[in-house]
């Protein structure tokens, strides 16, 4: 196969490219990435010279560029997105342009070039917020986005489905829970807290830390994407979750323990505007239809992630300086 991967220099996309080339070493990958602040070619330096890997620096909203890359492509795996909620609250314009218009441009190109297989990576945040005792999100859950980020991803999901219904474009969508693992940009909770604590700095916990997220290791997520591409039903959505609901405070304490710090390193800060209380995913459809379930426990995955950041300071220290 020949894959066009968008956003492949970012956290999940880069891990996907490593996964795919390890699993299918004879396949070809084009990586289209704009290299915004979260895109980093250091994530891919070990494969940069492979003859079946090609990096293209560009914008998914660039119609001519996207069109030129479609020749011979068998499938598009669309990771590219502005994804940080806090940044979307401060300035939503980039989220609308990349997440909505960029997705539209890719869909149009896929349609123009004979109906290229299209898989869209979305998020559980499109479903809104759960109470502590609500059932988990599933594919039929009504959309109720609460931030400019999640609203833009919800709009992109609707566009993808519209191209399936209107143009019969062969699409699938996956809505996943919070990812963690190697190469995650250190503004996100887990890598931010790990790197702060390695340096003996406090960690900022929103409110009392009671907000709950369902965490999935990036390798489990990408294995799910692989199965959807190969076995998923066209036009369908699959929810991928880690079966690992944890409050922010519980995660903070786990990271403190793994880094040898005590609770004096917790700094409670003002809560995020419109902070969703809880996310959780019911992945029974993916389990039943694809034989997928998460294989990496949160405890093991978190310990491995802490070790990775300890061993790769040369990767994250320059990024922390940019944000300091």
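Any read-out appearing in this document is the output of simple, stated calculations on the displayed coordinates, not a laboratory observation. What you are looking at is a predicted structure, and each value in this text was computed from that prediction instead of being measured. No Cβ is skipped: glycine too gets one built from the backbone with ideal geometry, and neighbour counts run over all protein chains shown.
Under a 10 Å cutoff between Cα atoms, tell me which one of 210, 242, 181 has the largest fluctuation in the Gaussian network model of the chain. Result: 210 has the largest fluctuation of those listed. Cβ crowding within 10 Å, taken as a proxy for footprinting-reagent exposure, orders 221, 18 from fewest neighbours to most as 18, 221. The distance linking the range 94-161 with the range 202-247 is 15 Å (Cα centroid to Cα centroid, whole angstrom).
Taking only C-alpha pairs under 8 Å that are 6+ residues apart, what is the relative contact order of the chain in percent? Display every interim value, and only then the final one.
Working: 618 pairs, mean separation 56.6, N = 324.
Once divided by the residue count of the chain, the mean separation gives 17 percent.
Among 254, 138, 184, whose mean-square fluctuation peaks in a Gaussian network model of the chain (Cα, cutoff 10 Å)? Greatest mean-square fluctuation among the candidates belongs to 254. Rounded if a/c is under 1.5, else prolate if a/b beats b/c, else oblate: with a ≥ b ≥ c from the C-alpha gyration tensor eigenvalues square-rooted, which is the range 265-315? It is oblate, given that a/c is not under 1.5 and a/b is not larger than b/c.
Please say if the range 1-114 is rounded, prolate or oblate, where rounded means a/c under 1.5 for a ≥ b ≥ c the square roots of the C-alpha gyration tensor eigenvalues, and otherwise the choice is prolate for a/b larger than b/c and oblate otherwise?
Values: a/c = 2.21, a/b = 1.25, b/c = 1.76.
In terms of gyration-tensor shape, oblate.
Contact order for the range 156-243, expressed relative to its length and based on alpha carbon pairs under 8 Å spaced 6+ residues apart, stands at 45 percent. Of 84, 57, the sequence from fewest to most neighbouring Cβ atoms within 10 angstrom is 57, 84.
Quick check: from the Cα gyration tensor, does the chain come out rounded (a/c under 1.5), prolate or oblate?
Working: a/c = 1.64, a/b = 1.36, b/c = 1.20.
Prolate, since a/c reaches 1.5 and a/b exceeds b/c.
What's the center-to-center distance, using Cα atoms, between the range 249-310 and the range 47-79 in Å? Computed from Cα coordinates, the inter-centre distance equals 32 Å.
Computed per residue of the chain from DSSP H runs no shorter than four, each worth -39500 (n - 2.57), the mean residue ellipticity at 222 nm is -11500 deg cm²/dmol.
Pick from 226, 276, 49: which is most flexible by mean-square fluctuation in a GNM of the chain where alpha carbon atoms under 10 Å apart are linked? Residue with maximal mean-square fluctuation among 226, 276, 49: 49.
Summary of packing: across the peptides 172-180, 67-75, 278-286, 263-271, the per-residue average of other C-beta atoms within 10 Å ranks them, highest first, as 172-180, 278-286, 67-75, 263-271. Here 309, 206 are placed in order of increasing Cβ neighbour count within 10 Å, fewest first, which gives 206, 309.
Here the relative contact order of the range 32-84, from alpha carbon pairs under 8 Å that lie six or more residues apart, stands at 38 percent.
The shape of the range 75-207 can be summarised by an equivalent ellipsoid whose semi-axes, obtained from the alpha carbon gyration tensor, come to 30, 18, 14 Å from longest to shortest.
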